[in-house]
Amino acid sequence: MKIGSPADGGHSAKYDVIGVGYREVRRPDPRLAALIAGALGDALTVVNVGAGAGSYEPEDREVTAVDPSRVMLDQHPGTRKIKAGAEELPFEDGAFDAAMAVMTVHHWPDPARGLAELRRVSRRQAVFTWDPAHRPELWLFEEYLPEVGELDRSAFTPLSVVTGALDAHTVIPFPVPHDFTDGFRAAFWRRPESYLDPVVGAACSTLARLPASVVDPALARRRVDLGAGGGRPPPADLLERESIDYGYRLVLAGA
Ligand SMILES: C[S@@+](CC[C@H](N)C(=O)[O-])C[C@H]1O[C@@H](n2cnc3c(N)ncnc32)[C@H](O)[C@@H]1O
């Protein structure tokens, strides 16, 4: 196992806390994996920046994982692992055929600089992120935790910053399937009881970021609603849907 130790910019602290147990809840979904693998095209060497536990890394390429969090890298099963932040990638110009970054850009202190680094070290980039300007918002959060919408809209990197910094040529919407396996914020839109599970909450930075004084009463309200039998299920029109566009986007750049 190779773990390098270039400067990580000191930004690993959050995931060193909330990253514990990440792999149990954040199981990569095969449909998103296929989309990302297709976007990487014929790349043989790939750098996965903000790699975490290695979700969505294609198995048929040589992948180098980069992440500033030791807790996350320890859960990564790969052999090429470097502890570093996106803003200062310890690689030569053009070192990789492709770079990927999945649900991580909004955690970077300087997204534009990190994305410029992706372009510097690779000829093709595939970045999966959430567009904070997208509507509708996840119905459950609107009803029980409006604070989440507010927090996320300010915390997530605007899509225009991602596309601009990458000089992107393509943006592909990814409607979330109702049985999506990766527990990020909108994953359980048709299975709202899942948000009551503390393990789910702990591995979702959206919920983990809010103080317990906000999250706990909201979840308690939800628990009471469900227990009373009159708990508000997902709106009827949603129950019939297989997938829904909640603003997740795959951004492609380079050649
Ligand atoms: C939600 S996780 C996503 C992990 C993985 N890409 C996935 O799809 O499961 C966000 C990751 O971003 C990492 N991260 C935080 N700050 C970073 C930075 N400055 N540069 C690169 N990665 C960073 C965190 O340590 C964490 O592993």
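The values are calculated or read from the model by the stated rules, or taken from the named source; none is laboratory data. Keep in mind that this is a model prediction, so the values were computed, not measured. Cβ sites come from the backbone with ideal geometry, for glycine too, and all protein chains shown count toward neighbours.
Which one is surrounded by the most Cβ atoms within 10 Å (Cβ to Cβ), of the residues in the range 119-167 that are touching a residue at least 60 places away in the same chain (Cβ under 8 Å) and of a type in the set (Val, Ile, Thr)?
Val127
Please enumerate the residues belonging to the range 65-124 that are of a type in the set (Lys, Arg) and either closer than 18 Å to Asp167 by Cβ or within 12 Å of the ligand (Cβ to nearest atom) (or both).
Of everything in the range 65-124, those that are of a type in the set (Lys, Arg) and either closer than 18 Å to Asp167 by Cβ or within 12 Å of the ligand (Cβ to nearest atom) (or both) turn out to be Arg70, Lys81, Lys83, Arg113, Arg119, Arg120, Arg123, Arg124.
Please enumerate the residues belonging to the range 224-253 that are of a type in the set (Gly, Ala, Ser), at pLDDT 85 or above and surrounded by fewer than 18 Cβ atoms within 10 Å (Cβ to Cβ).
Scanning the range 224-253 gives a single hit, Ser243.
Could you please find all residues in the range 154-189 being part of a loop (DSSP other than H, G, I, E, B), within 16 Å of the ligand (Cβ to nearest atom) and not basic (Lys, Arg)?
Phe156, Thr157, Phe174, Phe180, Thr181, Gly183, Phe184, Ala186, Ala187, Phe188 - these are the residues of the range 154-189 that are part of a loop (DSSP other than H, G, I, E, B), within 16 Å of the ligand (Cβ to nearest atom) and not basic (Lys, Arg).
Within the range 173-194, how many residues turn out to be over 14 Å from the mean Cα position of the chain (by Cα) and either of a type in the set (Val, Ile, Thr) or at pLDDT below 90 (or both)?
Counting residues in the range 173-194 that are over 14 Å from the mean Cα position of the chain (by Cα) and either of a type in the set (Val, Ile, Thr) or at pLDDT below 90 (or both) gives 7.
Every residue in the range 38-78 that is under 16 Å from Arg26 (Cα atoms) and of a type in the set (Val, Ile, Thr), please.
Val71, the sole residue that qualifies.
Tell me which residues, restricted to the range 164-186, are more than 27 Å from Gly41 (Cβ to Cβ) and among the small types (Gly, Ala, Ser).
Gly183, Ala186
So Thr170 passes all but one of these: (1) among the polar types (S, T, N, Q); (2) over 16 Å from the mean Cα position of the chain (by Cα); (3) modelled with pLDDT under 95. Which condition number does it fail?
If we test Thr170 against (1) among the polar types (S, T, N, Q); (2) over 16 Å from the mean Cα position of the chain (by Cα); (3) modelled with pLDDT under 95, just (3) comes out false.
Here is a check on your reading of the model: is Ala43 within 12 Å of the ligand (Cβ to nearest atom), under 19 Å from Arg120 (Cα atoms) and out of contact with any His (no Cβ under 8 Å at 6 or more places or on another chain)?
no
From (1) at pLDDT 75 or above; (2) more than 20 Å from Asp29 (Cβ to Cβ), pick out the condition that doesn't hold for Leu219.
Evaluating Leu219 over (1) at pLDDT 75 or above; (2) more than 20 Å from Asp29 (Cβ to Cβ) leaves (1) as the failure.
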